[in-house]
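Rule-based calculations on the coordinates, nothing more; no lab input. Fair warning: this is a prediction, and the values are worked out from it, not measured in the lab. As a convention, Cβ positions derive from the backbone with ideal geometry for all residues, glycine included, and neighbour counts pool all protein chains shown.
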């Protein structure tokens, strides 16, 4: 059978596929709130039944938290594991929603039809694009394109407490040739993107202490060292005037962008003017010899996320404070070692302190960057077929944040992950009035059919 | 009659003088709290009656707030105006007091007898040292040493809202050759000090804005300019590595210390190690080519009194904030012009801002330094006689803070002020368990008798 037949089947079945998604969206599976425990369970049951309806051997699998859903089908060719999550974010503030978040609807908007409701994009709508592609394939071919494991989590929005134990306990059942995750978006809402670079994150809180109590600046001002003054000097030294981070050894393990990836990124026509213009800025503030895309995807950063010291209320107090503190985070790439950077940062701060000022440090997490290994042929196969669906060549892109499950697949199951998804920048995930474009859903299903056809 | 007779009379009368002070301390004249309005009025009445008891023509004079007390006596020689205030600070937190703040008592302590109670030092005890000296003089001589105007305010602890109008409306009656104020202390609790240099104060609040809303550092980190980073750079530039302030023109109008004053200060044996050691510091943090006393008395300063931006609560948020702000104050000396410095500071900040960051400024007060003119012979006459009472030569000293009334006497009445007082560093003014040493009270009365004898 040809791919065209599968694509046609997808087109014909779209109304029914939307109905199925609506049914799943009506289940308020908010994982973080114990009041919705039964709803999470019901969403898992719904998925088991839906997978079974087109021949997948599916089960609900208990955890100490919300259940996992596992399904298996046999087939020739590579073994792929597809991961998605059926739980959703809370809906507060409810008064900012234009409709009941769990009474979803198709709405006409100036930009086209959208599916409105909590989870429409993150991640129920995205998850179902893969499920619907498999259903259509099966209906046309009578079999599946390859061996597939379906793996749906119900705790992604609440920190995934059961995930690591479950991966460890079920490693053999879960291990595949490659993992597919549909929880990311199109580049600039139009270009299909396979996310291959995820930055890591290191958080540090510094507290500097000068005098042993708050002083009156009339009495001590001029003679007593002010810790805000010292903290400002230290933080001012974080970046040089070219935006380069000054902590010794910081760039150890930072790779140069491979030429083929750089070429792909240059070809994306990223409009950094619009990206920054949306938030009232115009000038990329990172390393001045790097492109804006590199700054947010492939280069490490140092950011001051918070600072406080002295009197910060209304009016004025002439206090000379005892303490000042700042929260600093580093986005990490490549092989940067979070623990080495933490130690280097602390030593670098200490070395700048004058007499009479001491520092204490508090660690806030440390995760290394996720650099996807893209040597599995599925990566180039997928990249090669997505252009036909979207009208733009697909690219291997980067991401400022991180997707922990991809890291666990690598570290626990020694399995590479291909992150590809159809969300748009304005989907308002985690916010009121979340939506998923019908175009994302429809072309997303077709895209998975193309990918499955290419990699089988 | 000799001075000795007056001093003897003061010694004999000390128990009665303490009883009088206790009576005044029992009146809870808290000026800032309307609940104590009648008590403020009663304190004024008490002073009128006490002045009248030894021949002063005294009156309570109404204002829109609490009344002033004015008294006059004739005499030969110079005309002096004595200023003090009969109102006191609130007593909160009351649970930190070891006794009822308005049930004063003489207590024995390891450092000698103290008068314990709200206002014992600030300023009822200090005010009464002058009154008691005049009473003793009158009793011995039958007349007063010179023409004296007594002027007591009841709103000093609540911003003196009625003072300037009252000075303007009663300028002719108040104008004297020199004003005396007893609201300051001994240097290091032992050396008699005539305070001649009061620093001014200029307050500024800067708010820097980068992005037009708070951003997620995962998405924008690296490309979007962070206003905390810019604020740190600006504040880091306030002082160079020698502690010198970098705002252009800042040192315009800053005088060098006259050699005779510098000699006096060098002779004080100021123990900056103990001064800083008390608050956990060891190294004077101001201009490195200046002595610690100069840093706190005669040199201008720039101090960061508060800073805030981004997330400052518990834990960590990877926000890239829209705004960051700081409160900065400058202590001013000599002829430094607060308004010129404000403009220069703002321009200096603006010139450091990168593209995409804007600054707004909020002014928080601007008062010039008070440099007492010490040409009136009373200054050297007083300085010459205090050593005999205290065992240390008196010095013309400086002060980090400001005493606004002395500035108004100069600007409105064209009258110089001699600030001299007997408070000690541990008097805990404005705090629980305020006290005044019986030694301060007794030697203070004797000191005024010596000064009046010298200047008449």
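If one computes the Cα centroid of the range A:15-40 and of the range B:299-318, what distance in Å separates the two points? Cα centroid to Cα centroid, the span is 44 Å. Could you please state, rounded to a whole Å, how far the C-alpha centre of the range A:43-121 is from the C-alpha centre of the range A:148-176? Between the Cα centres of the range A:43-121 and the range A:148-176 lies a distance of 16 Å. Principal-axis analysis of the Cα atoms of chain A puts helix A:377-390 at an angle of about 80° to the longest axis. The residues B:155, B:434, B:260, B:287, when put in order of fewest to most other Cβ atoms within 10 Å, stand as B:260, B:287, B:155, B:434. Along its three principal directions, the equivalent ellipsoid of chain A from the Cα gyration tensor extends over semi-axes of 45, 24, 22 Å, largest first. Note on A:206-218: average number of Cβ atoms from other chains within 10 Å of each residue's Cβ is 4. Of the peptides A:90-101, A:187-198, A:298-309, the ranking by mean beta-carbon count within 10 Å, highest at the top, reads A:298-309, A:187-198, A:90-101.
The orientation-averaged projection of the convex hull spanning the C-alpha atoms of the range B:1-104 amounts to 8.8 square nanometres.
Once both labels are positioned 7 Å from their Cα atoms along Cα-to-Cβ, the gap between residue A:108 and residue A:380 label points is 4.7 nm.
Separation of the range B:215-232 and the range A:377-456 by C-alpha centroid, Å? Value for the Cα centre distance between the two parts: 28 Å. Estimate the FRET efficiency between residue A:189 and residue B:411 by the formula 1/(1 + (r/R0)^6), using the beta-carbon distance for r and 60 Å for R0, to the nearest 0.05. The value I calculate is 0.35. Counting from the shortest, the label point at residue A:411, 7 Å from Cα toward Cβ, is 6.5 nm from the same position in each remaining copy. Distances between copies at residue A:54, taken between label points 7 Å from Cα along the C-beta direction, are 10.5 nm in increasing order.
Using Cα atoms only, what is the angle between the long axis of helix A:438-455 and the major principal axis of chain A, expressed in degrees (0 to 90) to the nearest 10? On a 0 to 90 degree scale, this one is about 80.
Per residue of peptide B:291-299, the mean number of Cβ atoms on other chains within 10 Å of the residue Cβ is 3.
Beta bridges from DSSP with both residues in chain A: antiparallel share about 70 percent, rounded to the nearest 5. Shielding by partners for peptide B:321-334, expressed as the average number of C-beta atoms from other protein chains within 10 Å of each residue's C-beta, is 3. Axis of helix A:3-25 versus longest Cα principal axis of chain A: the two differ by about 60°, to the nearest ten degrees. Each Cα pair of the range B:308-456 feeds into the Kirkwood radius, which the Stokes-Einstein equation turns, at 37 °C and 0.692 mPa s, into a diffusion coefficient of 162 µm²/s.
How long are the semi-axes of the equivalent ellipsoid of the protein assembly as shown, defined as square roots of 5 times the Cα gyration tensor eigenvalues? Whole Å, largest first. The answer is 78, 27, 22 Å, longest axis first. Is the C-alpha gyration tensor of the range A:250-347 telling us rounded, prolate or oblate? Criteria: a/c under 1.5 is rounded; beyond that, a/b larger than b/c is prolate, otherwise oblate. Oblate is the answer for the range A:250-347, as a/c is 1.5 or above yet b/c matches or exceeds a/b. Placing pseudo-labels 7 Å out from each Cα toward the beta carbon at residue B:425 and residue A:169 gives an inter-label distance of 6.7 nm. For residue A:77, the label point sits 7 Å beyond Cα toward Cβ; its separations from the matching points on the remaining copies run 11.2 nm, from shortest to longest. From the Cα gyration tensor of the range A:381-456, with a ≥ b ≥ c the square roots of its eigenvalues, which class applies: rounded if a/c is under 1.5, or else prolate if a/b is larger than b/c, or else oblate? It comes out oblate by the Cα gyration axes.
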